[in-house]
Amino acid sequence: MVSLGPPARTLRGLLQELRYLSAATGRPYRDTAAYRYLVEAFRAHRVTSEKLCRAQHELHFQAATYLCLLQSTRNHVALHQEFHSKGERSVEEAAGAVGLKLPQQPGGKGWES
């Protein structure tokens, strides 16, 4: 089984994704139902004196999976906005989008002889 890291890190990551979403909507993230649910769920599934708390591990795994989904979706949208076709591009613009530069002709325009 892969180590998930501390649950606090997962919770912080989820809250950071909520902040990204709330910045887009203009509504404070602490006023959302998702924030209240996350904090309540993590508080309810804290590690107790038991040696193995299956519900706590289950919650942490589901939260880490959901965090991965949110981060991947946000990254996909950012990449889509950057590289999505905006119609026909010139050769120079297409090369610049992937970090290349076209070679310069030695004689400039009209060099053909």
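The values are calculated or read from the model by the stated rules, or taken from the named source; none is laboratory data. Just so we're clear, the structure is a prediction, and the values are computed from it rather than from any experiment. All Cβ positions, glycine included, derive from the backbone under ideal geometry; neighbour counts span all protein chains shown. The area values use the complete protein model at the heavy-atom level, side chains included, leaving out ligands, DNA and RNA. Shrake-Rupley method; radii C 1.70, N 1.55, O 1.52, S 1.80 Å.
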Efficiency of FRET from Cβ geometry, residue 102 and residue 12, R₀ 30 Å, rounded to 0.05: 0.10
Contour minus Cα-Cα distance for residue 44 and residue 82 (0.36 nm per residue): 9.6 nm
Solvent-accessible area of residue 21 with every protein chain in place, 1.4 Å probe, in Å² to the nearest 10: 100
65, 10, ranked by accessible area, largest first (probe 1.4 Å): 65, 10
Sequence of 85, 90 from largest to smallest accessible area, 1.4 Å probe: 85, 90
In Å², nearest 10: area of residue 36 left accessible to a 1.4 Å probe: 130
